[in-house]
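Nothing in this text is a laboratory measurement; each read-out follows from the coordinates by a stated rule. Quantities reported herein were computed from a predicted structural model and do not represent experimental measurements. No Cβ is skipped: glycine too gets one built from the backbone with ideal geometry, and neighbour counts run over all protein chains shown.
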Amino acid sequence: MAPGRAVYSRLLLALGYLSAPFAGPGAAVITAAGWLSYGTETRKPTFTGIGLVGLLGVAGILAGYYGEGLSGLVGAGGVLLLLYHVLAIAALWMLGIKSNNTPLKAAAMLLAISWLLAVSGTGSVHDATTAASGSVIDWGGVSWANAAAQSLIDKLGGTPAIAKLLAAAGAVFASIGFMTMNEAASGLSREETIFSIGTY
């Protein structure tokens, strides 16, 4: 792929991530559409699939809320949208590695840490690890680490405040990264090949 392609997709993604702290679900629609468009323009089904998952998630939630007799779609749409956000973070990291784009890599790390803090703040980390381990062990020491970090997190303003700050910073870095990304003319990186699991 020659440098300069997928300009409109990258602008859409930059706009979507920049609006993420303010636009809520609307930003999810914009970024998902951006990933879908980016995958189509660059002929990379992995990114197309990520965008499609996000759009299906939003559509499922809206259909469940406003469609008569479709309330069961709310849960499925929510799961898809959560999956989309996780996949999008992985995609940011992958693109950052491939194009040697530091802002994209920083965005992926900040957004990932923000998600971990948001989850740990709700107490669901402990519940999830207990369920996954059959109430026998603390899987990988995650609950232990969460409890140890909580005192420092509280001193810094609490988990929700830190998570929001990191998410906003990640969104800004993602926007900068897409605006400055210079696509490599070479083929797939090894990370992208592994992530795609043979879909290319």
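Packing-wise, with mean Cβ within 10 Å as the measure, how do 36-48, 149-161, 83-95 rank, highest first? Kindly include the intermediate steps, with their values, before the conclusion.
Working: 36-48: 18.9, 149-161: 12.5, 83-95: 21.0.
So the peptides 36-48, 149-161, 83-95, ranked by packing, come out 83-95, 36-48, 149-161.
I'd like to compare 96-103, 12-19, 72-79: which one has the highest average count of other Cβ atoms within 10 Å, and what's the full order after that?
12-19, 96-103, 72-79
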